[in-house]
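*Asks:* One structure, as C-alpha cells, below. Some questions next.
Every number here is computed from the coordinates shown, using simple stated rules; none is lab data. If you're wondering where the values come from, they're calculated on a predicted model, not measured in any experiment. Ideal geometry is used to build each Cβ from the backbone, glycine not excepted, and the neighbour counts take in all protein chains shown.
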Amino acid sequence: MTATTQDGNSPLGEIIRRHGQWIQNASTGSQCILEGTTLNELNLKNVDLQQAILRGVTCLEADLPSIKFSRAILESSDFGRTILSLADFTEAEISDCEFASTWLAESSFSDAKIRATSFRKANLDKSRFQGALIELSHFQSATLNGAFFHHAKITNCDFTQGEFRAAQLTRARIEESRFLGVSAAHAVFNSCVLKGCDFSQADLTGARFVQSDLTGSQFDRALLRDADLREAQLGSVILSRAELTGARLGSACLFATDLRGADLTGARELTAQQLAQARTDETTMLPNGTPGPYRRKSGAERPVFA
C-alpha cells in the first residue's frame, strides 16, 4: 500500500477520507481496517482514525502528531520511533503493540485498555492515563514526568528505571508491578493501592503516599527523603536500608514494617507505639539520630531536628 498520503489521492488517503465519512454517518463511507500493512516513515498530521482497526501494522519512524485513535482497536502493531505527540487513544483497545522509543508526549490514553504492550524508552511526559486498564506491559526507561494516572488500574507491569517526576497517581490501583530504580521525586500516590510492588532503589524524594495501602510492597534502599506517608498502610512493608530522613509518618501503620538498616533521622510525627511495632535493629538510625533498635521510653521517636 502506498504511504504517500499528503495529497489525499493515494490508496491510504482514500481509505482515510472514506473513514471520515463513516464516522459522520455509518451508512456512508467505510470503516478504516488495516491488516498486515507497512506504513514506515508515513507523514500525517491531525488525522481522525477514531474507531479504526489496525492489526499487524508496521509504522516505524513515522510522523503522526495529534492523530486520533480514540476507541480504535490496535493489535500486534509496531509504532517504534514514531512521533505521536498529542495523540488521542481515549478508550482505545491496545494489545501486543510496540511503542519503543516513540514520542508520545502529552498524549491521552484515558480509559484505554492496554495489554502486553511495550513502551520501552518512550517519551510519555504529561501523558494522560486516567481510568486506564494496563496489564502485562513494559515501560522500562520510559519518561512519564508529569503524567496522570488517576484511578488507573495497573497489573504486572514493569516501569524499571523509568522517570515519574511529579507524576500524579491519586487513587490508582497498582498490583505486582516493578518500579526498580525509578526517578519519582515529588510524585503523588495519595489514596493509592500499591500491593506487591517493588520500589527498590527508587528515588521518591518528596513523594506523597497519604492514606495509601502499600501492603506487600518493598522499598529496599529507596530514597524517601521528606516523603509524606501519613496514614499509610505500611504493615509488613520492606523499608530496609531506605532513607526516610525528614519523612512524615503520622498515624501510619508500622506493624511488622521492616526498618532494619533504614535511616529515620529527623522523621516526623512518629509515636513510641508505632516504632515499637516495627522491626528495627542496631543498623536502624532512629528519628533522634541514635542507632536502634528502638526501646520504649527512650524518646528516640522524637526527631533530632524538632
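*Asks:* Going by a ≥ b ≥ c, the root eigenvalues of the Cα gyration tensor, does the stretch 154-243 fall in the rounded group (a/c under 1.5), the prolate group (a/b larger than b/c) or the oblate group? Could the numbers behind the result be given before it?
*Replies:* Values: a/c = 1.07, a/b = 1.02, b/c = 1.05.
Verdict is rounded for the stretch 154-243.
*Asks:* Report the relative contact order of the stretch 177-232, percent, no decimals, based on alpha-carbon pairs under 8 angstrom and at least 6 residues apart. Could the numbers behind the result be given before it?
*Replies:* On the way: 157 pairs, mean separation 19.9, N = 56.
Once normalised by length, the contact order is 35 percent.
*Asks:* So, R0 is 25 Å and r is the distance between the beta-carbons of THR271 and ARG171; what FRET efficiency does that work out to, to 0.05? The partial results should precede the final answer.
*Replies:* Numbers: r = 27 Å, r/R0 = 1.10.
The computed FRET efficiency comes out at 0.35.
*Asks:* Need the C-alpha centroid separation for the stretch 93-143 versus the stretch 232-248, integer Å.
*Replies:* Between the Cα centres of the stretch 93-143 and the stretch 232-248 lies a distance of 29 Å.
*Asks:* For the stretch 179-194 and the stretch 260-280, what is the separation of their C-alpha centers, rounded to whole Å?
*Replies:* The distance from the Cα centre of the stretch 179-194 to that of the stretch 260-280 comes to 21 Å.
*Asks:* To the nearest 20 debye, what charge dipole does the chain have about its Cα centre, counting +1 at the Cβ of each Lys and Arg and -1 at the Cβ of each Asp and Glu? Write out the running numbers ahead of the final one.
*Replies:* Working: 32 positive and 36 negative charges, 206 e Å.
Dipole size: approximately 1000 debye.
*Asks:* What angle do you read, to the nearest 10 degrees and between 0 and 90, between the alpha-carbon axis of helix 11-24 and the longest principal axis of the chain?
*Replies:* Long axis of 11-24 versus the principal axis of the chain: about 70 degrees.
*Asks:* Same structure, new question: Just from the alpha-carbon atoms, what are the Rg and Dmax of the chain in angstroms?
*Replies:* According to the Cα coordinates of the chain, Rg and Dmax are 23.5, 82 Å.
*Asks:* Right, here's the next one. Could you list the residues of the stretch 55-71 with an amide nitrogen less than 19 Å from a label point located 7 Å from the Cα of ASN40 in the Cα-to-C-beta direction?
*Replies:* Those under the cut-off are 55-64.
*Asks:* Please state the Cα pair-distance histogram of the stretch 114-160 with 5 angstrom bins from zero: what percent is in each bin?
*Replies:* It works out to 7, 23, 29, 34, 6, in whole percents.
*Asks:* What list do you get for ARG279, ARG208 if you sort them by fewest beta carbons within 10 Å? Intermediate results must be reported in sequence, preceding the final value.
*Replies:* Working: ARG279 20, ARG208 23.
Lowest count first: ARG279, ARG208.
*Asks:* Suppose R0 equals 45 Å. What FRET efficiency, 1/(1 + (r/R0)^6) with r the Cβ-Cβ distance, do ALA26 and LEU136 give to the nearest 0.05?
*Replies:* Numbers: r = 33 Å, r/R0 = 0.74.
With R0 = 45 Å, the Cβ-Cβ based efficiency is 0.85.
*Asks:* Could you work out how much longer the chain between HIS186 and SER251 gets when fully extended? Use 0.36 nm per residue separation minus the Cα distance between them, nm to one decimal. The partial results should precede the final answer.
*Replies:* Working: separation 65, 0.36 × 65 = 23.40 nm, distance 2.08 nm.
Full extension from HIS186 to SER251 adds 21.3 nm.
*Asks:* If we count other beta carbons within 10 Å of each Cβ, what is the order of LEU60, LEU144, fewest first? Walk me through the intermediate numbers first.
*Replies:* On the way: LEU60 17, LEU144 29.
Taking fewest neighbouring Cβ atoms as first place, the list is LEU60, LEU144.
*Asks:* When only Cα pairs under 8 Å and 6 or more residues apart are kept, what is the percent relative contact order across the chain? Intermediate results must be reported in sequence, preceding the final value.
*Replies:* Details: 1115 pairs, mean separation 20.0, N = 306.
Computed value for the chain: 7 percent relative contact order.
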